[in-house]
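Following: one structure in structure tokens, then a few remarks.
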Amino acid sequence: MSGAIATNPRSRLSDFFYRHSGLLTFALLLPPLLWIGIVYLGSLFALLLQSFYSLDEFSGLIVHEFTLSTYEQLFTPTNLTIILRTAVMAAAVTLASAILAFPIAYYAARYARGGWKALFYLAVMMPLWSSYLVKVYAWKLILAKEGIVTWVAGKIHLGWLLDALLAMPVIGGSSLSFSYIGTFIVFVYIWLPYMILPTQAALERVPKNFIEASADLGASPRQTFRTVILPLAMPGVIAGSIFTFSLTLGDYIIPQIVGNSRPFIGTTVYALQGTAGDIPLAAAFTVVPVVIMGIYLMIARRMGAFDAL
Amino acid sequence: MPPAVSFQHVSRHFGHVKAVDDVSLDIFEGEFFAMLGPSGSGKTTCLRLIAGFEQPTSGHIEIFGETAEGLPPYRRNVNTVFQDYALFPHMTVGENVAYGLMIKGVARAEREAKALETLAMVKLKGFDQRRPSQLSGGQRQRVALARALVNQPKVLLLDEPLGALDLKLREQMQEELKALQKELGITFVLVTHDQGEALSMANRVAIFNEGKIVQAGPPADVYEHPRSRFVADFVGSSNVLPPEFAAAHGGTHAWTSLRPEKVRLVRAGEALPAGQFGVSGRVASALYQGAITRIAVELNSTRIIAAIPTGMTTIQEGETVALAWDACNLVAMEAA
């Protein structure tokens, strides 16, 4: 009967939470807050703490005393080179992903309808369904000297171009799978979906009549793109770049499998905490991407990338 | 002097749907022109054809004597106030208003001054540093208006501009828009489904139905002399009398419109003067609406709605009343 006070305990619970909606929010948020607070932030804090300890060079034991000497080690030329190499690679991967992702995301958001849209989601997501390792090893084969890229280049008489590319200083190498170019290609392949999806989501939220309004006010398609579409898509591109940038900064598998075996931050951390047993320096190295990301987001914010949020 | 906007046999078809079907019309410079019709009648498509968002399937459009078809929106000297305003969320109010000038390459100081001036004109002085999201619906509407007007368009297109505002604000904006149009002398083209809005603001109204203009003329003319049942029904409300009934009660043998406010109540024992005709019947419903009471009187063959000034008598549902009207208020219409 309407108007009666419920006697069924489940209904009474619903009624109670309806009257005290703040309590319901609290009950729902408690588990994730505990998780983030204790497990997630806790381990991050433990990591930070480790980086302020140091390794005794003779005994190989960790000295549990506050020191900045571990951070000092980051600034040796070798370690600085590792940091710089990783940051440049991450920046290049992010830039290339953004350039590749934008037209795809734009098409999907503005023009694809029905079946085409489903196909777009499938095509973007499907690579994420298969194992990361399988994909990386597949790429190693594709890029190898005996691989399909070299073969196709030879067949279409562009072998000279590939050779010229590989002969370039620094980024070249004996074959694509043993060069920075190879590492770069695989990074872009692996992280591209993480750039496409947020960019597409941001473009999806740009109403069609913004574009019409801009044209109505005299803007050519190019001006509309620059002054309306791009600024409104920027939060999405930035979100995507956070993924591609930080994932590249932290990855330790791709550079081991494809590339010229020069160390990146990830591989260095992997080596330091494993064979070398230098947990403090490994911890200090992991703080580097956190700091780089912080700086990156600050600059993005300064440049107004989040104005449209 | 060529008309501001001229449509010559313009059609716009979307597949099988004839959104605009062979429309010819002239809108003159300095006019406040309203396109009135139900949703899907083609009025908005006509507006979009003028703005350049749509291209005609066939026919010819001229804006101030220049061929418009094929011209993209950014090459037309017309501006639009969009239904949901379409203000850019990543720009301040001032930047929104100055947008058109920025695109034209007007220097920053000059365009900012112009934007402030135009904002003052729409009574939004001091709002230039805010974001559109911080404004109320009425304020956004004014920003949209300022953003269009700052470009000094030759024709201003308004697409249901007041649709999202509440009644009081809508009436206020109607007055302001009309005053603004008079002051600036710009041709205004208003699209609306609200007949009150069209009648009160426009110099001339075109009534749209199913992609065609069914009647056009000054508001009073359209209201007083609807040419078809559709217009009689859509513009205000009307009693549409069947030919036989009309012929027997002062009219001619044609479908006839009789406005509810032209029907009066006959006092008991009153003799009808010459030229007046009447009926009597049972009151099926009486709706109190403040200034007037709308009563529906059931007759054998039809029903008559009458708008009676409230306070004269109290009318109860179920009682029998006598109604009368002047023969000259019966307007014969074309069938359909």
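The values are calculated or read from the model by the stated rules, or taken from the named source; none is laboratory data. Since we're looking at a predicted model, the values are computed, not measured. Positions of Cβ are generated from backbone atoms using ideal geometry, with glycine treated the same way; all protein chains shown enter the neighbour counts. All accessible areas refer to the heavy atoms of the entire protein, side chains included, with ligands and DNA or RNA removed. Shrake-Rupley method; radii C 1.70, N 1.55, O 1.52, S 1.80 Å.
Observations, loosely collected:
- Average accessible area per residue (Å²) across segment B:5-233 - probe 1.4 Å, nucleic acids and ligands excluded: 43 Å²
- Peptide-level mean, for A:217-229, of C-beta atoms on other protein chains within 10 Å: 5
- Three principal axis extents describe the C-alpha atoms of segment B:5-233; from largest down they are 52, 40, 30 Å.
- Modelled FRET efficiency - R0 22 Å, residue B:319 with residue B:270, Cβ distances, 0.05 increments: 0.85
- Residue-averaged [θ]222 nm for chain A, counting only DSSP H segments that reach four residues, each worth -39500 (n - 2.57): -22000 deg cm²/dmol
- Those trypsin sites (Lys or Arg not before Pro) in segment A:189-269 that DSSP places in a loop and that have at most 15 other beta carbons within 10 Å: A:205
- Value of relative contact order over chain A, rounded to a whole percent, pairs C-alpha under 8 Å and six or more apart: 24 percent
- Residue-normalised accessible area of segment A:203-309, given per residue in Å² at a 1.4 Å probe: 45 Å²
- Computed over protein heavy atoms with a 1.4 Å probe, the carbon and sulfur contribution to the accessible area of segment A:77-302 reaches 74%.
- Using a Gaussian network model of chain B in which every pair of alpha carbons under 10 angstrom is joined by a spring, one finds that among B:144, B:286, B:68 the greatest mean-square fluctuation is at B:286.
- Looking at the protein assembly as shown alone, DSSP beta bridges between its own residues are antiparallel in about 75 percent of cases.
- Projected area averaged over orientations for segment A:77-302, convex hull of C-alpha atoms, nm²: 15.7 nm²
- Choice from A:11, A:43, A:130 showing the highest fluctuation, given a GNM over chain A with Cα pairs closer than 10 Å: A:11
- In this assembly, the A-B interface accounts for approximately 1800 Å² of buried accessible surface in total, computed with a 1.4 Å probe and without ligands, DNA or RNA.
- Segment B:1-58: chymotrypsin sites (Phe, Trp or Tyr not before Pro) falling in loop per DSSP and having at most 15 other Cβ within 10 Å: B:28
- For segment A:15-81 versus segment B:231-266, the gap between their alpha-carbon centres in whole angstrom: 82 Å
- Eigenvalues of the alpha-carbon gyration tensor of segment A:1-145, scaled by 5 and square-rooted, set the equivalent ellipsoid semi-axes at 46, 36, 15 angstrom, largest first.
- With at most 14 neighbouring Cβ atoms within 10 Å, loop trypsin sites (Lys or Arg not before Pro) (DSSP) excluded, longest segment of chain B: B:126-266
- Distance between segment A:96-150 and segment B:166-220 - C-alpha centres, whole angstrom: 53 Å
- Rounded to 5, the percent of DSSP beta bridges in chain B classed as antiparallel: 70 percent
- 29 Å Cα-Cα threshold exceeded, pairs from B:125/B:182; B:125/B:168; B:168/B:262; B:43/B:168; B:123/B:212: B:123/B:212
- Alpha-carbon centroid distance for the pair segment A:254-309 / segment A:199-240, whole angstrom: 32 Å
- Neighbour cut-off at most 13 other Cβ (10 Å), DSSP loop, trypsin sites (Lys or Arg not before Pro), segment A:48-130: A:113
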